[in-house]
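Undergrad: Okay, handing you the structure first.
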Amino acid sequence: MSKQRDNLLLVFAIGIYFLMLHSMNAWFLWNIDRMWLEVITLMIGVVLVIRNWKTYHFSKGSQILVILFSLAILWNSKIGLGSVLLLPISFFIMFGLSKQSLEKMLQWWTNLYAFILVVSFIAWTLSWSSILPNFGTIVHPAHDNYTYTNYILCIRGAFYDIRFNSIFLEPGHTAMIAAFTLFVNRFNLKSKAVIAILVCTVFTFSLAGYILMFLGYCIIALQSLRVKQIVKKVIPYILILSVVYYAGITYQNGNNLLNELILERLQMDDEKGFSGNNRTGEITNNTYESFLKTPEVISGLSPQRYSNYVERGLIEGAGYKLYVMQKGIIGILLVLLAYFYIYRYSGDKRLTLGLLLVYIAAFWQRAYPFWYSWLVIFYFSTIRQIQGKNKN
């Protein structure tokens, strides 16, 4: 019976992983409606709940979480039955799963993501030669500028040139989720999966991904609260980064990939803060500045007005500015409250709070708090308890 339950949990987990990959825009899911994946995963989840009814515990705190996330997601959205379909209902089912089940799901996800990155990295390496054939060009159905050569196991776009983005839409998406996954695994370098994810992520040349990984590693090190360990874990990496920085800006007078793709983007900029802060253009920035002077800053632009601005090219890009214009201050507070409530009832508050800080940093450039990959990985942080703590 236990094995049957594990098998059912695995099938449910596979559904969750497909939803996570869909949120990350894996190329083979571009033309598949998320709702089909949601419905199938939900049906499996219902069977899982029924089969594990004695151990399934959907507490009062879980019910409040559902309400908070529903309010945050539906705030300032179009009213109607269709808006309900935006809710990550299969994710809500996870609130009642046991700690042991969630730990298994985290382990499976870590191994799966490592496998995807390693296989696609090998394919990406071979794609630069004639060894690996391509299967033509693919274009994202919603964004014509996302055009890629399809090698099945990986995709390559002229826009990103040398940068590795695996099977996903952007190298930044690949690196961001890698940073989150590494964090909930406490950067455990004894794990082959963790090392694989870390190494593959280096080749994304994602400035945001590098920053999130370094921030996450520092938080994990500082949470030890031992000066000796902090010095041992953090100082050497600061020295290494200093050497890498110097080598990058001096090697061939700065004419190298490291300097051009990463270091130059860290240069201070009077308007952007730093050169790599390029998720919105001048038109969007002007729209945002005008928006801040209106009463709509409280509730956000109406769905009709926001769509109109997008169609007219007044809003484009990604990051917190778009989210603020869409949801307003109230929307920001609602999503922060929902995530904070997970922290409030976490079995490992220090780890969850640390990941929340990493999420806030990620939100600056990629404000996707309701992506399945964001939601599920954040919930995983609640069950990675330090040995000796009480039950979740």
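Undergrad: Which FRET efficiency, nearest 0.05, do Val202 and Trp30 yield, Cβ-Cβ r, R0 22 Å?
TA: The pair Val202/Trp30 has a calculated efficiency of 0.25.
Undergrad: Rank-order 47-55, 194-202 by packing density, defined as the average count of other C-beta atoms within 10 Å over each peptide's residues, highest first.
TA: Ranking the peptides 47-55, 194-202 by packing returns 194-202, 47-55.
Undergrad: Report the net charge of residues surrounding Trp75, where surrounding means a beta-carbon distance below 14 angstrom and charges are Lys +1, Arg +1, Asp -1, Glu -1.
TA: Numbers: positive: Lys78, Lys327; negative: Glu296.
The answer is +1.
Undergrad: Another one. A 18 angstrom limit on the alpha carbon distance is what I want to check against. Which of Lys192/Lys349; Lys104/Lys349; Lys99/Lys349; Lys99/Lys192; Lys78/Lys327 exceed it?
TA: Going by Cα-Cα distance, Lys192/Lys349; Lys104/Lys349; Lys99/Lys192 fall outside the 18 Å limit.
Undergrad: Quick one: if you stick a label point 7 Å off each Cα along the C-beta vector at Ile67 and Lys293, how many nm between them?
TA: 4.0 nm
Undergrad: Where does the charge balance sit around Phe370 when Lys and Arg score +1, Asp and Glu -1, over other residues with C-beta under 14 Å from its C-beta?
TA: +2
Undergrad: A further question on this structure: When Lys and Arg each count +1 and Asp and Glu each count -1, what net charge do the other residues less than 15 Å away from Ile138, Cβ to Cβ, add up to?
TA: -1
Undergrad: Ranked highest first by average number of other Cβ atoms within 10 Å, how do 205-211, 90-96 line up?
TA: Details: 205-211: 22.6, 90-96: 20.6.
Going by the mean number of other Cβ atoms within 10 Å, highest first, we get 205-211, 90-96.
A short reminder: the numbers here are calculations on the coordinates, not readings from a lab. Note that the structure is predicted; figures quoted are calculated from it, not measured. Neighbour counts are summed over all protein chains in view; Cβ atoms, including those assigned to glycine, are modelled from backbone coordinates with ideal geometry.
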